[in-house]
Every structure is written in C-alpha cells, then in structure tokens.
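Here's the structure, in structure tokens; my notes come after.
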Amino acid sequence: MEPVMHQVWQKVFQRLHRTSVLSRRSHSGCAEHAAVPASTQSRQIKPTLLVSRLYQPSNLRDVGPDSRLQGEMTCKSQRLMQQAGLIHPSNPGCYYYLPATVRSMEKLVRVIDQEMQGIGGQKLDMPSLCSADLWKTSDRWDLMGKELFRLKDRHGADYCLGPTHEEAVTTLIAHQTTLSYKQLPLLLYQITRKFRDEPKPKLGLLRGREFYMKDMYSFDVSEEAAYQTYESVCQAYTRLFARLGLRCVQVQADTGNIGGTLSHEFQLPADIGEDRLLVCGNCSFSANVETMSSDRTDCPQCKTGTLVESKGIEVGHTFYLGKKYSHIFNATFTNAQNKPNIAEMGCFGLGVTRILAAAIEVMSTEEAIRWPGLLAPYQVCVILPKKGSKVDEAAGLAEELVHTLGDTLPRLRGEVVLDDRTQMTVGRRLKDASRLGYPYVIVAGQGALEDTPRFEVICQQTGETMFLSKDGLLDLLGRVETV
C-alpha cells in the first residue's frame, strides 16, 4: 500500500510544480490571479463584473400570478426579492442574504454610519449571547415572554439571544467608574444581527426571527441634555430617509417593553404595513393608534384638523429612557463637583433589513424592483448585442465603454456590470434588467456602430430612454451619487 501511495503523491507534486507560479496582483487591487497553463487561459476571471458570473439564483421567469412561488409569498417585496435571487428562505423567519443583497445592505450601513457618526456616534459591537442575570435584574426576562430566544449552556446557566441591548450597554458603562461629565453626551451604537421569536414570521424581511438592526444608546448629564440628544438623533433619521428618497413619517408611539417616557416611530406609509397611524391633514401631528383612541377624529395639536387613518411599516424607533436602566445598573458619571450622578439615557433603533425590504415594497412595481438610488447593488448594467446578430460588432465598443466608465468615473468602479449572456436576446435581458432594478441600463445596438457612436440609455427610476454619445453618457453618469 505504501509504495502505491508514494507514487500517487509523487504525481501530485509533479503536477503542482508544473502549474504553480507566483500569483500577481492586478493594478486595480480587485483580485489576484495565478498564471495558468495555456489550456485554461480562456477560463481566467476578468476584472469586468459579468452578469453570467454573479451568484444570483433568480426565478425571474416565475413572476406571473399562476406561478408556484406566487402562492408562497405574502407581500410584494418578499416575492420580488426571492424571484430576483436577493434572498432565499432558510427556515421560518430566517433567510440567506445573497450577494446582491449584501452589497445593498453594506451601502445602507455606510449611510447609517455617516449619519450616526455625524452626530457623535461611536460604533462598537456587543455580544449577541446575553446573560439571563442582566435581563432578570431589569425584570425583562419575564416581561419579554416568548419573544426571547432562551437557551442554557452546558453548566445550566440561562442566556438569551439579544433582541436589543439596553441591559448590556448600561452594564458596560456601569463598569467604567471614571466616566466624567466632560465625556457626555456619549452615543454608542452597533449594527448587528438581532433575534426575536416571532409566533408567525411573515412578509419576508419585514417581520422575521433573525434580522439586522442599528441600535444606539445615549448617556447624558441631565434630562434637558438627553432631550437635546433625542432631537439630534431624530433629525439624523429624517436626513437619512431623505437621502434614500423615502417619505418617512415621525409618529408619536407607545414605549412598549423598552420603557421610558417618550417614544416616536419612523413609519413608511404602505398598505401592507401592520401599524395603524392617525395623521392630521392640517398640521404635523401624527401618532400610532396605540397611543390614542382609534375612533378619535379631531387633532389634539391644532384642534381644527381631522385625523385620517392610514397604515405604515415601522423602520425606526426612538425612546427617551430617563434613568430606567442606568438606575438599576448604577451607570454613573462624575459631575463638575466630583460627585457621582446617574446618567440619563435614550435608545434609538433602525431596522436595517426592514428598511431594505420596505424601500422595495413602496418603490417597486408589481413586476420590477426599484431601489433607492444609493442602495442599488449595482448602478449600471451594460447589455452586449446578441451573438451572431447584425450589430454583433458593437460588443467590443460596449466592453470598452465599461472600462472607460471605471477609469473616468472613480465613483462607478465596481458599480458597472456587463450582461454577457449573448445567447439570450437583448429584449429578454432588458426585461431581466428592469426586474432587477439597475438604475441605468445601457444597450450597445445599431447606434454604437455609427460614425459618432450612440448608446441607448434607459433610466429605470423615471422610465426615460435616451440615445447618448460616450461624452453625453459620461456626463450623465458622472452625476450619479454613490456611497
């Protein structure tokens, strides 16, 4: 047996020696490629992002109302995201987030980071596995009921998977015995997976058992300062949704099992929404119906307006907590007189995956995804002509255009994909591009072969179609905002 194995390994080493060379890094830093034998040269991965190589197992042919998938969907965003290969169900309330969705989420996280750090937020990461002792100390171990995912370790100690982290962050601050009033306000936030044992998870990413959330916690020297921080965060939320092009309504809300004395929700108006809202048509007043009598029609703020009921998807929630947690866990700071004081707290949540799904829900058509411009996984899709067609020669110009866009417009590097599925008709690929929601689709057709090449450009958000020269195209796409 040993001589046989020796011969096998000898052949393996000889083969490795023949094919191995030092890897070299491309000038763009996008990837490293090892030199390979001539027989495999054609299979080398090129820097250009090719649609045929993207892992996006879509079911775009199953969009119709009679499809098998249609009956499994409970809302538009869930149906569109699954059919487009953005998410894939794992078990009830849990999903695989596929590459395009991860790209979009990463962009959303960058926008959130910019807004939170713009008001002084500092990012950290806290354990998802939380000790039951903390939750029992705050009395929420029993208050949360069946929503908590509970487990025991091998020693019999109780834990939960954190749906929120008030106890954890307050304990962290309590352990810092040298916190000075000069360091406040202190705003700490994280963007992590959260867990909630929903009895009936539904609506795709809008109501799941496992999801991403941004949760920020503030510590202030006084009630007045805490209210200022509260208002600062609310304004940051308003700016964030404005940047995403989403019409969001800030409504008076119940504090629920989080606690505190003041709370607001940020709601995206949508018929699929599970929250009932009362909105005044005469002033800025709006509230979740949970905070008022559902049959009330007169506005409590302006006294003259009429309250109209609508539905919304909650995408953000803010709470003024006061000393609810800081008193329990003894989270103190040293004041100007060098005396210990209990900190005033607030907590502020944003549903990251819910924002993504809610945006698709309110912006998309029944058959095609439409993204907030900043969050589209890719900004531009360039479609090659069908192989063997009369305009096949335009393929080279299209490939050259992709490289020009990356070289000339640095913000679009990594944002342009080339639909190289030339065995398919242009019309079929245009339909796919529309359903996937690339903000800009460029077709290299007959116009690209003219003396002054022109490309067909489709702006998916507006439905407008233009025919532009390369310079005109660069001017248009140079105005695209990315993050």
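The values are calculated or read from the model by the stated rules, or taken from the named source; none is laboratory data. Just so you know, these numbers come straight off a predicted model, no measurement behind them. Every residue, glycine among them, receives a Cβ derived from its backbone with ideal geometry; neighbour counts consider all protein chains shown. To get the accessible areas, we keep the full protein, side chains included, count just its heavy atoms, and leave off ligands, DNA and RNA. Shrake-Rupley method; radii C 1.70, N 1.55, O 1.52, S 1.80 Å.
Quick notes on this structure:
- Whichever lysines have a C-alpha closer than 18 Å to that of Lys136, once near sequence neighbours (fewer than 8 apart) are set aside: Lys146, Lys152, Lys323, Lys324
- Virtual paramagnetic centre 7 Å along Cα→Cβ of Thr137, amide N under 12 Å, in the stretch 327-343: 327-332
- Considering all C-alpha pairs of the stretch 355-403, those separated by over 12 Å amount to 69%.
- Heavy-atom accessible area order for Asp113, Asp125, largest first, 1.4 Å probe: Asp125, Asp113
- Taking every alpha-carbon pair under 8 Å whose residues sit at least 6 apart, the chain reaches a relative contact order of 14 percent.
- Label sites at Asp125 and Phe467, each approximated as a point 7 angstrom past Cα along Cα to Cβ, lie 5.3 nm apart.
- Overall form of the stretch 125-238 per C-alpha gyration tensor (a/c, 1.5; a/b vs b/c): oblate
- Spin-label model distance (nm) - Arg110 vs Ser294, 7 Å beyond Cα toward Cβ: 4.4 nm
- Accessible surface of the stretch 319-441, 1.4 Å probe, proportion on carbon and sulfur as whole %: 48 percent
- Overall form of the stretch 327-483 per C-alpha gyration tensor (a/c, 1.5; a/b vs b/c): prolate
- Residue-normalised convex hull volume from the C-alpha trace of the chain: 244 Å³ per residue.
- The simple spin-label model puts a point 7 Å past each Cα toward its Cβ; for Cys302 and Gln117 those points are separated by 4.0 nm.
- Helices of the chain meeting both criteria, an alpha-carbon length of 27 angstrom or more along the long axis and an average Kyte-Doolittle score not below 1.0, with helices taken as full DSSP H segments, do not occur.
- Taking amide H as placed 1.01 Å from N in the peptide plane, Lys202 has its amide H under 5 Å from the amide H of Arg207, each at least 5 places away in sequence or on another chain.
- Prolate/oblate/rounded label for the stretch 420-483 (Cα gyration tensor, a/c 1.5): oblate
- Amide H contacts under 5 Å for Leu262, placed H, 5+ residues apart: Tyr320
- Normalising the average separation of contacting C-alpha pairs (under 8 angstrom, six or more residues apart) by the number of residues puts the relative contact order of the stretch 225-346 at 26 percent.
- Were the residues from Leu151 through Lys390 laid out at 0.36 nm apart, the gain over their Cα-Cα distance would be 79.6 nm.
- Remark: the chain carries 51 Å² of accessible area per residue (probe radius 1.4 Å; ligands, DNA and RNA excluded).
- Förster-model FRET efficiency, 41 Å R0, Lys182 and Val483, C-beta, rounded to 0.05: 0.80
- The order of the peptides 465-472, 218-225, 392-399, 345-352 by mean Cβ neighbours within 10 Å, most packed first, is 345-352, 218-225, 392-399, 465-472.
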